[in-house]
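Peer 1: One structure, pasted below without further comment.
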Amino acid sequence: MSPRTGDSERSDSKRPTIYVEAMEVFQRAADLIGLDRRVRMELEEPDYEHIFYVTLKLHTRLTPLPAAEASKYADLSDSVLLPDGLEPLLDGSFVFKRRALIKANVQMREGVVRLKGKGLFKVLPGRPERFKAYRIQHNQARGPYKGGTRYHQDVSLDLFKVLAAEMTWKTSIADVPFGGAKGGIKVDPRSLSSEELEALTLRYMYRLKPLVGPNLDIPAPDVGTDANIMGLLLRQFTDGERERHALRGVITGKDTRIGGSEGRVKATGQGLAYCIQEWFAERGTTPAGSTFTLQGFGNVGSNAAEILTGLGGKLLAVNDAGGTIFSPGGIDVPDLINYVYENPANLRRTVAGYPKAQQISKSDLWDVEADICIPAALGGEINGPVAERLKVKLVAEGANGPTTPEGDRVLAKRGIELIPDIIGNAGGVTVSYYEWVQNKRMEHWSETEVNARLEQAIKSNYRIIRDISRNTPRRTATHNSMRYCIGQVVDMRTAAMVLALKRIEAHYQLEGFSQ
Ligand code: NAD
């Protein structure tokens, strides 16, 4: 297995990097359609790989004292600090803010304090820290670079290259006038206070500003970032600009109150649900009465689950970074969303500990029998051994790159069908495009209007991919696959790539190359 979060900068040079591995499907589809040699070179590597560093002054922290040192402070009495001035972090430490000292009664010895009911803590003075940041711009033949911003501890240049290239394919498949990019910061956002996260985000955009713009490169949310972070990026980009309202389209995935599109938060899950509906429609049926398992209960996973259960589907099991739950009778999705997102005690926003389901191990998730498995967390999860275990009819990819090439081969061998990520999760970037258009026109569309356009876009492109896969060129009222079929049957992932490459190649063929 090749972990999709590995760091190629330090990886064994004999092993194919995750980028080389992810490009296998590109190479295969390029061979199949006889892609022009020069176009192939334009697409094989990104246009630009920006790597830079962002520094941040971390606040003072109270970190739990190691148990071995506790006996030295057995007689230390409790300190009283204003709870509002202590922000709890996931690792058990607290960020200390000055207001904690209002009416405080502090008993400190050698920098150690005891907090009532919480134990002993060592004061770690604030210090500057350096974070590695990235923006990879893969291709802009079809329009401005476009792609998400990921804050995660396991990112790398190689991973961002994979994700940026995937955006080039995805924007082409969704047929929106954008290219592909991706970026972010190597940081665990849960290890920072809200003020630190804001400062880090503003500093990131300060360094990024010369590289992005509404007609140049348009970031959006991804793992570890959300509409709040997008608001901060927008502010830092537009602050002090004379015509700042004309620049609103530099960031998508914004809050609807500051120019975000209705339906954007749910768009990726909604797009995946449209693909799944289409998969059932081909079989003359609907998702009603079907069962599914899910990995990842973040933006994509929770929304896809809510929409599918709304269509009559039943969620049997969920795995996320914190744990795995299972309920053979079906999980109440709105109740689980409440447990994960509306519960201040659930700091890690995890499904773990959900009282109305059994707790199982992560590896047991893959053994649950269901109609559909939806990976909606990180990449590389469905490798060969996992694909051997799955007891489902369809893998519908919400995450980017969740199935390894070996996993693909096993799924194909076992006759398990696939909705590939580049169409499965294209709903997000499609509605990002609608957001960008609305910003340019200073308009605000209703959710009904957004979803009607999204449904048409996703379903028609899904049908073209299915026609390429089955080699059934057709012109119907809703789609036209005549130009794209290649005279032979191919798997769905290759078919999706064929569509992406044919649309990109047309730009090079019809516009030519600048000299
Ligand atoms: P998110 O940060 O909202 O949620 C991520 C989820 O994955 C969380 O539930 C987390 O607990 C879980 N997770 C993290 N590490 C895990 C691990 N090791 N094992 C199991 N679960 C783990 O992110 P999101 O926006 O929902 O994105 C999920 C995936 O979808 C990513 O691959 C992302 O690139 C892709 N995607 C997102 C969008 C979008 O619009 N948000 C669009 C296209 C693709």
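The values are calculated or read from the model by the stated rules, or taken from the named source; none is laboratory data. Note that the structure is predicted; figures quoted are calculated from it, not measured. Methodologically, a virtual Cβ is constructed for each residue, glycine included, from the backbone with ideal geometry; neighbour enumeration extends over all protein chains shown.
Peer 1: So which of 398, 487 ends up being farther than 24 Å from residue 147 by Cα and of a type in the set (Gly, Ala, Ser)?
Peer 2: 487
Peer 1: Next up: For residue 178, state whether it is out of contact with any Leu (no Cβ under 9 Å at 6 or more places or on another chain), within 12 Å of the ligand (Cβ to nearest atom) and either free of Cβ contacts under 8 Å to residues at least 24 places away in the same chain or among the aromatic types (Phe, Trp, Tyr) (or both).
Peer 2: Considered against the rule, which asks whether it is out of contact with any Leu (no Cβ under 9 Å at 6 or more places or on another chain), within 12 Å of the ligand (Cβ to nearest atom) and either free of Cβ contacts under 8 Å to residues at least 24 places away in the same chain or among the aromatic types (Phe, Trp, Tyr) (or both), residue 178 comes out as no.
Peer 1: May I ask you to say which residue of 87, 129 is at pLDDT 95 or above and either in contact with a strand residue (DSSP E or B) (Cβ under 7 Å, 6 or more places away or on another chain) or within 30 Å of residue 17 (Cβ to Cβ) (or both)?
Peer 2: Checking each option against the conditions leaves just 129.
Peer 1: Would you say residue 49 is in contact with a strand residue (DSSP E or B) (Cβ under 7 Å, 6 or more places away or on another chain), more than 22 Å from residue 190 (Cα to Cα) and of a type in the set (Asp, Glu)?
Peer 2: yes
Peer 1: Mind checking which pairs have a first residue in region 423-452 that is among the acidic types (Asp, Glu) and a second that is away from the ligand (no atom under 16 Å from the Cβ), Cβ under 9 Å, 6 or more apart or different chains?
Peer 2: If the second residue must be away from the ligand (no atom under 16 Å from the Cβ), the pairs left are 435/249; 435/259; 443/437.
Peer 1: Quick one: in region 295-306, which of the residues that are closer than 26 Å to residue 460 by Cβ and within 12 Å of the ligand (Cβ to nearest atom) is surrounded by the fewest Cβ atoms within 10 Å (Cβ to Cβ)?
Peer 2: 299
Peer 1: In region 355-388, how many residues are closer than 27 Å to residue 288 by Cβ, buried (at least 23 other Cβ atoms within 10 Å of the Cβ) and either within 11 Å of the ligand (Cβ to nearest atom) or among the charged types (D, E, K, R) (or both)?
Peer 2: Adding up the residues that qualify gives 4.
Peer 1: Go through region 302-343 residue by residue and tally those that are under 22 Å from the mean Cα position of the chain (by Cα), over 21 Å from residue 92 (Cα atoms) and outside any helix (DSSP H, G or I).
Peer 2: Of the residues in region 302-343, 6 are under 22 Å from the mean Cα position of the chain (by Cα), over 21 Å from residue 92 (Cα atoms) and outside any helix (DSSP H, G or I).
Peer 1: Which residue out of 130, 135 is assigned to a strand (DSSP E or B) and surrounded by fewer than 22 Cβ atoms within 10 Å (Cβ to Cβ)?
Peer 2: So the residue among 130, 135 that is assigned to a strand (DSSP E or B) and surrounded by fewer than 22 Cβ atoms within 10 Å (Cβ to Cβ) is 130.
Peer 1: For region 438-457, which positions are touching a Ser or Thr at 6+ places or on another chain (Cβ under 7 Å) and either surrounded by fewer than 14 Cβ atoms within 10 Å (Cβ to Cβ) or closer than 30 Å to residue 489 by Cβ (or both)?
Peer 2: Across region 438-457, the qualifying residues are 454, 457.
Peer 1: Another question, if that's okay. Tell me which of these residue 264 doesn't satisfy, since it passes every other one: (1) within 9 Å of the ligand (Cβ to nearest atom); (2) at pLDDT 95 or above.
Peer 2: Just one mismatch for residue 264, condition (2).
Peer 1: Now for a different question. For residue 346, all conditions in the list (1) within 12 Å of the ligand (Cβ to nearest atom); (2) part of a helix (DSSP H, G or I); (3) surrounded by fewer than 22 Cβ atoms within 10 Å (Cβ to Cβ) hold save one; what is the number of the exception?
Peer 2: (2)
Peer 1: Being of a type in the set (Val, Ile, Thr) and closer than 15 Å to residue 160 by Cα is the filter; apply it to region 183-224 and report the residue that is nearest to the ligand (Cβ to nearest atom).
Peer 2: Looking at residues that are of a type in the set (Val, Ile, Thr) and closer than 15 Å to residue 160 by Cα, I get 223.
Peer 1: Any residue in region 471-484 that is out of contact with any Phe, Trp or Tyr (no Cβ under 8 Å at 6 or more places or on another chain), part of a helix (DSSP H, G or I) and buried (at least 17 other Cβ atoms within 10 Å of the Cβ)?
Peer 2: Within region 471-484 (the criterion being out of contact with any Phe, Trp or Tyr (no Cβ under 8 Å at 6 or more places or on another chain), part of a helix (DSSP H, G or I) and buried (at least 17 other Cβ atoms within 10 Å of the Cβ)), the answer is no, since none of the residues qualifies.
Peer 1: On to the next question. Can you tell me which residue is nearest to the ligand (Cβ to nearest atom) among those in region 389-417 that are over 18 Å from residue 319 (Cβ atoms) and free of Cβ contacts under 8 Å to residues at least 60 places away in the same chain?
Peer 2: Top of the filtered list is 411.
Peer 1: Let me ask something else about it. Would you please list the contacts, defined by Cβ atoms under 7 Å and residues six or more apart or on different chains, that run from a residue in region 221-237 that is under 11 Å from residue 202 (Cβ atoms) to a residue that is within 16 Å of the ligand (Cβ to nearest atom) and not in a loop (DSSP other than H, G, I, E, B)?
Peer 2: Listed by first residue and then by second, the contacts come to 229/201; 229/221; 232/201; 233/201; 233/219.
Peer 1: Out of everything in region 263-294 that is closer than 19 Å to residue 423 by Cβ and among the polar types (S, T, N, Q), what residue ends up being surrounded by the fewest Cβ atoms within 10 Å (Cβ to Cβ)?
Peer 2: 277
Peer 1: Quick one: would you say residue 280 is at pLDDT 95 or above, among the aromatic types (Phe, Trp, Tyr) and in contact with a Leu (Cβ under 8 Å, 6 or more places away or on another chain)?
Peer 2: Judged against the criteria, residue 280 is not a match.
Peer 1: If you don't mind, there's one more thing I want to ask. Within the set of pairs 6+ apart or on separate chains, which have a first residue in region 329-342 that is farther than 15 Å from residue 304 by Cα and without any contact (Cβ under 8 Å) to a residue 40 or more places away in the chain, a second that is within 15 Å of the ligand (Cβ to nearest atom) and assigned to a helix (DSSP H, G or I), and C-beta atoms under 8 Å apart?
Peer 2: 341/302
Peer 1: Can we say residue 104 is at pLDDT 90 or above and aliphatic (A, V, I, L, M)?
Peer 2: no
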